[in-house]
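Asks: Sending over a structure as structure tokens; questions will come in a sec.
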Amino acid sequence: MKGIFSFFEIYFSQRWVMRCLVFLLCGLLYANGASGQKQSDIEQMAIDGYALRFADTTASVRTQNQALLLAQQKNSPADEAICYAYLAMTNRRLLHLKEFTDYAELSFEIAGRINNRRATAYANWAMGLQRSYIDDKAGAIAYMLKAYNLFTTLDEYAYCAKIGADVSYLFSPSSNANVRKYADEALRFAEKSADSESILHARLAVGSYLLDSAATGDPAQWQKAVSFFKETIRQAEQVESAIVSKSNIGIAHINLAVLYMNGPKPIDESAFLANLEKATQIGMHYNLRNIYRSSLGLRGQFFFQKGDYRTAESLFKEGIAYQQTMPYKDNDLLATFFGCLKELAAAEKDYVSYHEYDTYFNKYNKLKYDEATQKIMQHADARFESEKSKR
């Protein structure tokens with residue numbers, strides 16, 4: 001009761017009236033400041049351009065550059081920082097490391113000069129992705145969590161979901177607790193956003209740790225993971241047209257196929273093959289090379305284990321032939337396919353073929369090693385340039 005009486009004494013005091021006026025004025029100022037944290041037309045243009053990154057790369061970059069030009073013409077540094085962040089993320093997908101780094105740092109530099117939570121959130125998101133790309137997990141987590149917390153204050157649940165899922169992956173395998181924490185939070189934010197793309201992205205993050213749980217051999221955990229991925233696919237297929245990252249639908253099918261392949265024996269062969277067939281169709285229809293190759297490889301391994309060597313051989317060779325048509329060779333994958341053919345030849349005691357496949361395996365394995373070394377050097381150079389720019 002004492003607290004209540006104290007409240008009324010303050011309420012009727014002249015000092016409290018003055019305090020009310022101050023609070024009212026601060027509230028108005030906050031409201032005016034908050035309006036600057038809403039999404040602008042320029043940001044929406046950048047978002048629309050970014051959404052085209054899979055369907056039409058040229059149009060995607062052109063639209064984002066138009067948004068950037070508008071931001072500069074209107075002297076809007078917040079929008080400019082946001083546009084640079086989207087250009088950074090687009091160049092990340094295009095594997096243009098220098099442009100990715102330059103745009104991320106431009107976004108961060110501009111956002112650092114202004115007081116705008118939205119721009120700062122985007123800038124930290126871009127920097128987090130850039131640090132992740134060069135294998136600086138600690139730096140990536142620090143930037144991403146800053147973006148995550150800022151987007152939370154802005155009630156941008158879809159972005160919180162996407163970033164939370166990525167943070168979950170970054171904590172793997174060092175902290176299972178944080179892997180689960182951020183994946184689960186990502187899914188809660190995604191469901192609040194009702195954004196189909198974010199929901200699928202978050203469900204894949206949750207599914208990732210469920211896959212790990214299923215690998216322990218516990219039938220209950222395996223069944224939980226299977227049910228989760230079935231529901232993920234069901235939801236995604238209902239809103240497929242609204243999902244830009246079609247590869248995520250393919251990944252869900254591949255993960256479910258992996259669960260069947262590694263689950264209780266005998267496996268449900270029809271379900272296993274049906275999911276791989278669906279993944280293959282998605283890979284071919286949307287030209288998603290990673291999805292197509294993964295489905296071929298898994299099917300090849302399946303028939304190899306069954307002793308159907310001719311079907312397995314045909315699938316491995318199909319994977320190699322498909323990869324050879326690509327403008328950029330995936331030496332890691334080629335080495336893997338030739339390694340599978342080596343195992344197949346050894347099982348059949350076909351030593352002539354084994355020697356032939358071993359020659360190709362060693363060739364692409366060396367190229368893979370050289371690429372890995374080159375990538376390490378590029379990452380080291382990118383880190384050096386990034387640190388130098390801060391001095």
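FYI, it's all coordinate maths here, none of it is from the lab. Everything quoted here is computed from the prediction, not taken from an experiment. Glycine also receives a Cβ, built like all others from the backbone with ideal geometry; neighbour counts cover every protein chain displayed.
Asks: Calculated FRET efficiency, residue 356 and residue 290, Cβ-Cβ r, R0 22 Å, to nearest 0.05? Present the calculation step by step, with values, prior to reporting the outcome.
Replies: Working: r = 27 Å, r/R0 = 1.22.
Once rounded, the FRET efficiency stands at 0.25.
Asks: What base-10 log of the normalised intensity I(q)/I(0) is obtained for the range 93-135 from the Debye formula, alpha carbons as equal point scatterers, at q = 0.18, 0.21, 0.24, 0.27 Å⁻¹?
Replies: Summing over Cα pairs of the range 93-135 leads to -0.47, -0.62, -0.76, -0.89.
Asks: On to the next question. Hey, what does the equivalent ellipsoid look like for the range 42-154, semi-axes from the Cα gyration tensor as sqrt of 5 times each eigenvalue, largest first, whole Å?
Replies: 20, 18, 11
Asks: Let me ask something else. At residue 240 and residue 329, where each label point lies 7 Å from the Cα along Cα→Cβ, what is the point-to-point distance in nanometres?
Replies: Once both label points are built, they end up 3.5 nm from each other.
Asks: Further question on the same structure: Residues with amide H under 5 Å of residue 53's amide H, sequence separation 5 or more or different chain, H placed in the peptide plane at 1.01 Å from N; which?
Replies: none
Asks: Using a 10 Å cut-off on Cβ atoms, rank the peptides 269-276, 212-219, 200-207 from the highest mean neighbour count down.
Replies: Values: 269-276: 17.5, 212-219: 13.4, 200-207: 25.5.
Ranked by mean Cβ neighbours within 10 Å, highest first: 200-207, 269-276, 212-219.
Asks: Arrange 349, 137, 265 by Cβ neighbour counts within 10 Å, fewest through most, would you? Write out the running numbers ahead of the final one.
Replies: Working: 349 8, 137 14, 265 5.
Going from sparsest to densest Cβ surroundings: 265, 349, 137.
Asks: Please list, by residue number, everything in the range 72-114 whose backbone N is under 12 Å from a paramagnetic label point 7 Å out along Cα→Cβ of residue 149.
Replies: No residues fall inside that zone.
Asks: Which value, in debye to the nearest 20, gives the size of the charge dipole of the range 47-94 about its Cα centre, when Lys and Arg are +1 and Asp and Glu are -1 at the Cβ?
Replies: Values: 5 positive and 4 negative charges, 30 e Å.
So the dipole magnitude of the range 47-94 works out to roughly 140 debye.
Asks: While we're looking at this one, here's another question. For the pairs 74/98; 278/366; 306/342; 38/192; 329/363, note any where the Cα-Cα span goes beyond 24 Å. Kindly include the intermediate steps, with their values, before the conclusion.
Replies: Values: 74/98 27 Å; 278/366 33 Å; 306/342 17 Å; 38/192 18 Å; 329/363 13 Å.
Checking Cα-Cα distances, 74/98; 278/366 exceed 24 Å.
Asks: Between the range 79-129 and the range 254-310, how many Å separate their Cα centres?
Replies: Spelled out, the Cα-based centre of one part sits 38 Å from the other.
Asks: May I ask you to sort 330, 79 by Cβ crowding, counting other Cβ atoms within 10 Å and putting the fewest first?
Replies: Working: 330 17, 79 26.
Ordered by Cβ neighbours within 10 Å, fewest first: 330, 79.
Asks: Using Cβ contacts closer than 10 Å as the measure, can you line up 244, 226, 167 from fewest to most? Write out the running numbers ahead of the final one.
Replies: Details: 244 15, 226 19, 167 25.
The most exposed by this proxy come first: 244, 226, 167.
Asks: For the range 156-277, what is one quarter of the convex hull surface built on the Cα atoms, given in nm²? Before the final figure, lay out each step's value.
Replies: Numbers: hull surface 29.0 nm².
Average of the hull's projected areas for the range 156-277 equals 7.2 nm².
Asks: Rounded to the nearest 0.05, what FRET efficiency is calculated for residue 65 and residue 347 with R0 set to 45 Å and r the Cβ-Cβ distance?
Replies: Values: r = 55 Å, r/R0 = 1.21.
About 0.25, to the nearest 0.05.
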